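The values are calculated or read from the model by the stated rules, or taken from the named source; none is laboratory data. Keep in mind that this is a model prediction, so the values were computed, not measured. All Cβ positions, even for glycine, are placed from backbone atoms using ideal geometry, and neighbour counts span all protein chains on display. Areas reflect the complete protein model, heavy atoms only, side chains present, ligands, DNA and RNA absent. Shrake-Rupley method; radii C 1.70, N 1.55, O 1.52, S 1.80 Å.
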Amino acid sequence: MTADRPPRGTWSVGLDVGGTKVLGVLLDERAVVRDRLRVPTRRGTAGVVAAAADVVERLCAGAGLAPADLAGVGAGVPGLVDPGTGRLSYAVNLGIHEPDVDLAPMLSARLGGVPVVVENDLNAAAVGAAAALGLRGDLAYLALGTGVAAGLLLGGELRRGARGAAGEIGHVPYDPTGPACPCGQRGCLELYASGSAIDAAWTARDGRPAATDLFAAAAAGDAGAVRIRDAFADAVAAAVRLLVLTCDVEHVVLGGGVAEVGRPLLDAVAARLRRQTAGSPFLRSLHIAERLQVTPRDVPVAPMGAALSVRRPSLAVREGAS
Ligand SMILES: [Zn+2]
């Protein structure tokens, strides 16, 4: 194996640290995924660092590398991050309830001093989607999962915003007379456009994911499924319209758990977009439906984007840095 070892400092590992699993990819110098690994998430700061380090070590061992041989490690995490310091605050889904956790320095120390970049998971996914799908121009990655939010890649740079809240469109009210949202408002978009909204409205058969089952039932002509699918697609279309009308992004990539549905999701959202914009020559002229893409199944855009963020050396944090 030694003869095949890649040169030091050329490969990288990207991690997507989610509430239930840590997904890691090993990327070579041409950004090709050489290996991938998934382990359950351990909660709390110590658990997250241990699980992340475990994935990096096992991916490296499989390629005959030591973690210190990597160009770096990128970690996408659901929470407020400061990529300049590698600090993470309030990642509640990971059991991290405090501010300013020095995640990058801790992970770097655990892995022999390899540079570590910590990035918001949706921002990482936006970078990964642009690379994996070969998309140039401004892009929004719209995650349809437990909640709804977007990562924004504008002019080649991530748009984080003054408080890291850029793209949090799931909490734009969609129906102000709707049910209470945990955020304190009523009728937020994510109550209608998320995977959770489908889970609440549709019971899947045979243990299939609710979204997959719903779209299959709608395609087979089940009237109830058609109604739920169209209401969901209307809300996603509203999110897409919002992204295009605020940032005029060239591409909107649908991602998150619901994107497992694939082409039928894209078709349903495009159909509702065309219907919503039919009466407006202005909106029709923007060709919003033509800007849609769906993340292909089995393309790990979030860990890929995290691994690619290592290549921006200004962001890499080493052990002992603060
Ligand atoms: Zn809300």
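What is the chain's relative contact order, in percent, from Cα pairs under 8 angstrom and six or more apart in sequence? Don't skip to the end; give the middle numbers.
Working: 723 pairs, mean separation 71.3, N = 322.
Result for the chain is 22 percent.
If only the Cβ of Lys and Arg carry +1 and only the Cβ of Asp and Glu carry -1, the dipole of the chain around its Cα centre is close to 260 debye.
Write out the trypsin sites (Lys or Arg not before Pro) in region 144-203 meeting two conditions: DSSP loop, and at most 15 other Cβ atoms within 10 Å of their Cβ. Walk me through the numbers before you get to the answer.
Values: sites: R159, R160, R163, R186; in loops: R159, R160, R163.
Those satisfying the criteria are R163.
Given their separation in residues at 0.36 nm each and the Cα-Cα distance between them, D206 and A165 gain 10.9 nm when the chain is fully extended.
Pull out the extension gain between R186 and A231, defined as 0.36 nm times the separation in residues minus the alpha carbon to alpha carbon distance; nm, one decimal.
Values: separation 45, 0.36 × 45 = 16.20 nm, distance 1.76 nm.
Roughly 14.4 nm would be gained on extension.
Here, P(r) means the percent of Cα pairs in each 20 Å bin from 0 to the largest distance; for the chain it is 33, 55, 12, 0. Take S280: with every protein chain present and a 1.4 Å probe, its accessible area is about 30 Å². Taking amide H atoms as placed 1.01 Å from N in the peptide plane, the amide H of L70 lies under 5 Å from those of G9, each 5 or more residues away in sequence or on another chain.
From its DSSP helices (H runs of at least four residues, each -39,500 (n - 2.57)), the chain gives a residue-normalised ellipticity at 222 nm of -11000 deg cm²/dmol.
Is there a quick way to get the dipole size of region 179-274? I mean about its Cα centre, with the Cβ of Lys and Arg at +1 and of Asp and Glu at -1; what is the value in debye to the nearest 20?
On the way: 9 positive and 11 negative charges, 38 e Å.
That gives a dipole near 180 debye.
Using C-alpha pairs under 8 Å with a sequence gap of at least 6, the mean separation divided by the residue count of region 135-294 gives a relative contact order of 24 percent. Phi angles of region 261-277 translate, via the Karplus equation with coefficients 6.51, -1.76, 1.60 and θ = phi - 60°, into HN-Hα couplings of 4, x, 3, x, 5, 4, 5, 5, 5, 4, 5, 5, 4, 4, 5, 5, 9 Hz per residue; Gly and Pro are given as x. Helix 223-247 versus the longest principal axis of the chain: what is the Cα-based angle in degrees, 0 to 90, to the nearest 10? For 223-247 against the chain, the angle is about 60 degrees. In percent, rounded to a whole number, the relative contact order of region 103-228 is 14, using alpha-carbon pairs under 8 Å and six or more apart. Within the assembled protein chains, the solvent-accessible surface assigned to H97 is about 110 Å², based on a 1.4 Å probe. In order along region 116-121, phi translates into HN-Hα couplings of 10, 10, 10, 9, 4, 5 Hz, rounded to whole numbers, per the Karplus curve 6.51 cos²θ - 1.76 cosθ + 1.60 with θ = phi - 60° and x for Gly and Pro.
Here the gap between R43 and A271, fully extended at 0.36 nm per residue and compared with their Cα-Cα distance, gives a gain of 78.0 nm.
For region 135-294, a crude dipole built from +1 on the beta carbon of Lys and Arg and -1 on the beta carbon of Asp and Glu, taken about the Cα centre, is about 220 debye to the nearest 20. Positive end of the dipole of the chain (Cβ unit charges, origin at the Cα centre): among A150, V81, Q185, the Cα lying farthest that way belongs to A150. For T212, the accessible area of its heavy atoms, probed at 1.4 Å with every protein chain present, is near 50 square angstrom.
Just so you know, the Rg over Rh for region 135-294 is 0.96, from Cα atoms, with Rh as the Kirkwood radius. Converting phi to 3J(HN,Hα) with the Karplus coefficients 6.51, -1.76 and 1.60 and the offset θ = phi - 60°, region 184-199 yields x, 9, 10, x, 4, 3, 6, 6, 10, 10, 9, x, 4, 5, 5, 4 Hz in sequence order, with x at every glycine or proline.
Which of rounded, prolate, oblate describes region 229-285, given a ≥ b ≥ c as roots of the alpha-carbon gyration tensor eigenvalues and a/c under 1.5 marking rounded, otherwise prolate only if a/b is larger than b/c? Provide the component values of the computation, followed by the final result.
Working: a/c = 2.19, a/b = 1.39, b/c = 1.57.
Oblate.
In the Gaussian network model of the chain, springs joining C-alpha atoms below 10 Å, which of V48, V17, V32 carries the largest mean-square fluctuation? Its mean-square fluctuation being the largest, the pick is V32.
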